Amino acid sequence: DFYEQLRSVHVEQLERKWITITLLVIGLLVVIIVGDAFFHGVNPPSKVETIDSAKLHLSKEFAESNLGVQLDDKGEIMVRMVAGRYSFFPKHIAVPAETKITFRWVSMDVLHGVHIPMTNMSTMIVPGYVAEITTSFPKPGEYPVLCNEYCGLGHNHMWSNISVIA
Ligand code: CUA
């Protein structure tokens, strides 16, 4: 009858109102997310430097012979390391204590992380990007280098170590 029709019309209007509100909210979120990505870029936390993770062995910088500890042009220590399932390469390096050291990390496969206790070394290593971190080791000794991003079944065994020499 008339009243039932009236009620159903009313319900439809209510539904339409809520659908409109829902769509507006979704639209707003999309604008915020896309806008943020557009203005700030979707990037790993360190400075943005890209590299082809599948061709590291062909890159000059991360070719096997160029990994490990080196002195740069200014006489500062530069360490280049590759993260891959399930280790960091080279497996072992030695550096001096209380000295500024710049590390450059790349991944040869998936997302890894690197954490060295007692230092500020903690970053993601995103495939396709170079992660650069400057640190120093407060005391001589053996420091573990640990992966702190889940990267597969061997994640818990992904580590290497650094000897810090007085
Ligand atoms: Cu590499 Cu976890």
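Does segment 1-42 classify as rounded, prolate or oblate by the C-alpha gyration tensor (a ≥ b ≥ c root eigenvalues; a/c under 1.5 gives rounded; else a/b over b/c gives prolate, otherwise oblate)? Note, shape of segment 1-42 comes out prolate.
Taking amide hydrogens as placed 1.01 Å from N in the peptide plane, the amide H of Glu49 sits under 5 Å from those of Val130, each at least 5 positions away in sequence or on another chain. For the chain, the calculated P(r), taken from all Cα-Cα distances in 10 Å bins from zero up to the bin holding the longest distance, is 9, 29, 24, 11, 8, 7, 6, 4, 2, 0 percent. Computed from Cα positions, the angle between helix 2-40 and the longest principal axis of the chain comes to roughly 20 degrees. Straight-line cross-link reach from Lys100 at under 16 Å between alpha-carbon atoms covers these lysines, not counting any fewer than eight positions away in the same chain: Lys74, Lys139. Solvent-accessible surface of the chain, taken per residue with a 1.4 Å probe and all protein chains present: 64 Å². Every helix of 4 or more DSSP H residues in the chain counts as -39500 (n - 2.57), and over all residues that averages to -8500 deg cm²/dmol at 222 nm.
Annotation for Gln70 and Glu4: the two label points, set 7 Å from Cα along the Cα-Cβ direction, are 8.4 nm apart.
The 3J(HN,Hα) values that the Karplus relation (6.51, -1.76, 1.60; θ = phi - 60°) gives for segment 139-147 are, in residue order, 9, x, x, 9, 10, x, 10, 10, 8 Hz. Gly and Pro appear as x.
What percent does the relative contact order of the chain come to when contacts are Cα pairs within less than 8 Å and at least six residues apart? That works out to 21 percent.
Among residues other than Ser163 whose Cβ falls under 14 Å from its Cβ, what is the net charge (Lys/Arg +1, Asp/Glu -1)?
Cβ neighbours under 14 Å give a net charge of +1.
Within the set of other residues whose C-beta is less than 14 Å from the C-beta of Gly68, count the net charge using Lys and Arg as +1 and Asp and Glu as -1. Net charge around Gly68: 0.
The DSSP beta bridges internal to the chain are antiparallel in roughly 65% of cases.
The values are calculated or read from the model by the stated rules, or taken from the named source; none is laboratory data. The model shown is predicted, which means the values in this text are computed figures rather than measured ones. Here Cβ is always computed from backbone atoms with ideal geometry, including for glycine, and neighbour counts include all displayed protein chains. To get the accessible areas, we keep the full protein, side chains included, count just its heavy atoms, and leave off ligands, DNA and RNA. Shrake-Rupley method; radii C 1.70, N 1.55, O 1.52, S 1.80 Å.
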